[in-house]
Amino acid sequence: MMESHSLNWSDEWLLGYTPMDQEHEEFVKQIACMQQANETELLGLLDSFYLLAKQHFEAENNWMTQTQFPPRDCHIDEHNAVLRSIEEVRQLLSVGRVDVARSLVAELVNWFPGHATHLDSALAHWMFKQKNDGKPVVIRRGLNFEKTS
Ligand SMILES: [Fe+2]
Ligand SMILES: [Fe+2]
């Protein structure tokens, strides 16, 4: 049986850009829910997680393109790869492949810390500087810079 540690949200995950941190907290909590889910709960949870991930990745992709974040391409590619995996696994889970869904959840548990540390943290730092340096952010439509403290 595959060993899989459980994912728990804690402040060590905070990256310093509040809109991103709030979404990551929800992201981690939903992965943790899928880890604990039984077979009948898994499909519904995977569907909700897919919507959350899509919305979260789109937000990060928009921050990167709107501020011309230099290393954006590999970050966006990684988001797209994760969404494609979830879509494929969703199809398999709908025909009873619970094992594949469990493997995906275990992969997400292993994937998220590295993604957050290596890619999201650089973006969080960049966004924080955009917001606090007085440098103009070219397009602000759809972003909620002012709503967070
Ligand atoms: Fe993220
Ligand atoms: Fe990301």
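Going by average Cβ neighbours within 10 Å, how do the peptides 103-110, 83-90 rank, with the highest at the top?
Values: 103-110: 17.6, 83-90: 14.9.
Put in order of decreasing packing, that is 103-110, 83-90.
Taking the chain as the reference, fit the longest principal axis to its C-alpha atoms, fit the long axis of helix 98-115 to the helix C-alpha atoms, and give the angle between the two in degrees, 0 to 90, nearest 10. Roughly 30 degrees between the two axes. A simple spin-label model places the labels of residue 94 and residue 128 4.1 nm from each other, with each point 7 Å out along Cα-to-Cβ.
Ranked from highest to lowest mean number of other Cβ atoms within 10 Å per residue, what is the order of the peptides 71-79, 12-20? Provide the component values of the computation, followed by the final result.
Details: 71-79: 14.6, 12-20: 16.9.
Per-residue mean Cβ counts within 10 Å order the peptides as 12-20, 71-79.
For region 44-126, the orientation-averaged shadow of the C-alpha convex hull comes to 5.2 nm² (one quarter of the hull surface).
Report the full-extension gain for the segment residue 36 to residue 84: residue separation times 0.36 nm, less the Cα-Cα distance, to one decimal in nm. Display every interim value, and only then the final one.
Working: separation 48, 0.36 × 48 = 17.28 nm, distance 2.30 nm.
So the chain would gain 15.0 nm between residue 36 and residue 84.
As a calculated quantity, the FRET efficiency between residue 9 and residue 68 at R0 = 30 Å, using C-beta atoms, amounts to about 0.45. Spatial offset of region 102-128 relative to region 31-73 amounts to 11 Å, using the alpha carbon center of each. Over the chain, the reciprocal of the mean inverse Cα-Cα separation, the Kirkwood hydrodynamic radius, stands at 16.3 Å.
The numbers here are math on the coordinates, done by the rules we state, and not lab data. Just so it is clear, the structure is predicted and the values come from calculations on it, not from any experiment. All Cβ positions, even for glycine, are placed from backbone atoms using ideal geometry, and neighbour counts span all protein chains on display.
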